[in-house]
Amino acid sequence: MSDLEHVASYLADNITALRKRSELSQVRLAQKAGIPRSTLTHMESGGGNPSLTNLCKLAAALGVGIEELLSRPRSECSLLKREQVPVQSRSAGKVQIHKLMPDRVRGIEIDRMIFNTGASMAGKPHLQGTKEYLVGLAGAVTVSVAGQNWEVNEGDVLAFPGDQKHGYRNTGKSAANALSIVLPMPYPTGKK
């Protein structure tokens, strides 16, 4: 099988899986994408050479990037072993951030953060409209947001605007552990 045939096969499998996951018929997806149903049927069968315009329309209708349509289909499940979880070191090695999401999803992050005693770290403001949830797993982390300080202890959950300037500081006498979850939130429209 040639590289082009692999890509056509990937495209067919990915469109079918994404369409079914979204509970869309071929007719409904074609309407949503603004392409003829016959074009969609042809792509799902692995035939033809779809135009870039049609790929863009289809990706937008499915809420994914074009690269997700053309890449090797992923398994629904994936296991990252402890040694495979990417770890970033910040604040001169005093903070370790374990990147817990194996899939890249724009605007969404799930990280386990470990703060050595006395460690502090400036947070990076996330995409506009995001909300961050910090879950205390062990120790105490003080989060500064918009001029206010919030102490998060084991079992506590702090919700705050993730697109605001913020920072973290271990205020306890031992290492602190927290889970950070960043999610994009829909903008309020003001309509009722």
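The values are calculated or read from the model by the stated rules, or taken from the named source; none is laboratory data. These figures come from a predicted structure and were not determined experimentally. Here the Cβ positions follow ideal geometry from the backbone for every residue, glycine too, while neighbour counts run over all protein chains shown.
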Within segment 86-104, residues farther than 30 Å from Thr16 by Cα, among the hydrophobic types (A, V, I, L, M, F, W, C) and in contact with a strand residue (DSSP E or B) (Cβ under 8 Å, 6 or more places away or on another chain) come out as Val87, Val95, Ile97
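Pick from Lys57, Lys81: which is of a type in the set (Lys, Arg) and in contact with a Gly (Cβ under 6 Å, 6 or more places away or on another chain)?
Lys57
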Identify all residues within segment 117-128 that are under 15 Å from Ala140 (Cβ atoms) and either exposed (fewer than 15 other Cβ atoms within 10 Å of the Cβ) or free of Cβ contacts under 8 Å to residues at least 40 places away in the same chain (or both); write none if there are none. Thr117, Gly118
Of everything in segment 87-105, what is touching a residue at least 24 places away in the same chain (Cβ under 8 Å) and either among the charged types (D, E, K, R) or outside the structural domain of Ala176 (by TED's automatic domain parsing) (or both)? Give them in sequence order. Arg90, Lys94, Asp103
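Answer with yes or no whether Glu44 is surrounded by 15 or more Cβ atoms within 10 Å (Cβ to Cβ) and within 21 Å of Asn177 (Cβ to Cβ).
For Glu44, the condition - surrounded by 15 or more Cβ atoms within 10 Å (Cβ to Cβ) and within 21 Å of Asn177 (Cβ to Cβ) - is not met.
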Give the residue, chosen from Ser75, Ser51, Ser22, Ser9, that is closer than 26 Å to Met185 by Cβ, among the polar types (S, T, N, Q) and either touching a Gly at 6+ places or on another chain (Cβ under 8 Å) or not assigned by TED's automatic domain parsing to the domain that holds Tyr168 (or both). Ser22
Name the single residue, out of those in segment 20-32 being in contact with a Ser or Thr (Cβ under 8 Å, 6 or more places away or on another chain) and touching a residue at least 12 places away in the same chain (Cβ under 8 Å), that is surrounded by the fewest Cβ atoms within 10 Å (Cβ to Cβ). Gln26
Among what's in segment 72-109 and is touching a Lys or Arg at 6+ places or on another chain (Cβ under 9 Å) and closer than 21 Å to Ala140 by Cβ, pick the residue that is surrounded by the most Cβ atoms within 10 Å (Cβ to Cβ). Gln96
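State yes or no: is Ala92 modelled with pLDDT under 95, part of a helix (DSSP H, G or I), within 30 Å of Gln164 (Cβ to Cβ) and out of contact with any Phe, Trp or Tyr (no Cβ under 8 Å at 6 or more places or on another chain)?
When the stated conditions are applied, Ala92 does not pass them.
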Can you tell me which residue is nearest to Val141 (Cα to Cα) among those in segment 172-191 that are out of contact with any Leu (no Cβ under 7 Å at 6 or more places or on another chain) and at pLDDT 90 or above? Ala176
